[in-house]
Amino acid sequence: MSNELINAFTMDFFSLKGKTAIVTGGNSGLGQAFSLALAKAGANLFIPGISDDNAKTRELIEQQGVEVEFMLADIAADGAPRQIISACCRRFGTVDILVNNAGICKLNKVQRFGRADWDPMININLTAAFELSHEAAKIMIPKSSGKIINICSVFSYLGGRWSPAYSATKHALAGLTKAYCDELGQHNIQVNGIAPGYYETEITAITRSTPKENKRVLDHIPANRWGEPQDLMGAVIFLASRASDYVNGHILAVDGGYLVR
């Protein structure tokens, strides 16, 4: 490898200084980790969500020397995705990065899992991500630049007992990632996904506190531990930055090796 090639790459490739990122559900859980990671890399944040209790997230982000704007919004409501993209552009001028993170998971046995469980998950986990990506692409295509990151799951590959809708939406989100890559790659827009495994969040608290279920999960993870939110921070910075300009249509598993067993 020539010195010219070596010198062409710098850590600035991971910098997001001057960029604007939207993170849906970026005020809590793994979404908060994604927001903070992007802020640490220099991006300004626009965070739509259903809670206005955002003081802690605002403090963490502003400590990084960047700006953040919150918007109270139900991403699954009619017209909300267009309103979110428009509001972000009014505040920051553009959208450079979209992280489709918001999602819900309802559990029920197959014989009791009906449309009342199915429809909200389809609307939030999949349809909202599609509509937000659709609206963001309108901003990204004219400037021939953009990053769309869909938060998939190891259940983009697995069955998902007791939650057929969660597994179905995460499979579909992986497919949407590849479809958008296929069309938007020619415009220098990279569309990738992150597939988290089992993480220490409020959603998994019951599983982690039940010895039998906790052991079942850990026995499936070569790393022999639950993931922590900071384990995802490097992945989202990489996929949001110039460092991943030739990575497209890829689903990056960050799962401690869960999928190998």
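Sorted by average packing, counted as other Cβ atoms within 10 angstrom per residue and highest first, what order do 102-109, 115-122 take?
Packing order, densest peptide first, comes out as 102-109, 115-122.
Of the heavy-atom accessible surface of segment 164-261 (probe 1.4 angstrom), what whole percent is carbon and sulfur? Walk me through the numbers before you get to the answer.
Working: 2600 of 4950 Å².
Carbon with sulfur: 53 percent of the solvent-accessible area.
Could you give me the percent of Cα pairs per 5 Å distance bin for the chain, shortest bin first, beginning at zero and ending with the bin that holds the maximum distance?
Spelled out per bin, shortest first, that is 1, 6, 13, 17, 20, 17, 12, 8, 4, 1, 1, 0, 0.
If you find the alpha carbon centre of segment 41-60 and of segment 160-205, how far apart are they in angstrom?
Using only Cα atoms, the two centres lie 22 Å from each other.
Using only the alpha carbons of segment 40-191, determine the length spanned along each of the three principal axes and report them from longest to shortest in whole angstroms.
Principal extents (largest minus smallest coordinate, Cα): 49, 40, 29 Å.
Taking a cut-off of 28 Å between Cα atoms, list the lysines near residue 143, but don't count ones fewer than 8 places away on the same chain.
Residue 143 reaches 17, 19, 40, 178.
Over all pairs of distinct alpha carbons, what does the Kirkwood formula give as the hydrodynamic radius of segment 135-206, in Å? It would help to have the intermediate numbers written out before the result.
Values: mean 1/r = 0.0742 Å⁻¹.
Final number for the Kirkwood radius of segment 135-206 is 13.5 Å.
Give the relative contact order (percent, whole number) for segment 40-161; include only Cα pairs under 8 Å separated by 6+ residues.
Details: 119 pairs, mean separation 30.5, N = 122.
Relative contact order here is 25 percent.
Straight distance only, please: which aspartates and glutamates reach the Cα of residue 170 with their own Cα at less than 17 Å, same-chain residues fewer than 8 apart left out?
Of all the aspartates and glutamates, those that pass the test against residue 170 - Cα under 17 Å, at least 8 places apart if same chain - are 117, 119, 131, 255.
The values are calculated or read from the model by the stated rules, or taken from the named source; none is laboratory data. Computed from a prediction, not measured in an experiment: that's the story for all the values here. Note: ideal-geometry Cβ built from the backbone for every residue, glycine included; neighbour counts use all protein chains shown. Ligands, DNA and RNA are stripped out before the accessible areas are found, and what is left, the full protein with its side chains, is counted by its heavy atoms. Shrake-Rupley method; radii C 1.70, N 1.55, O 1.52, S 1.80 Å.
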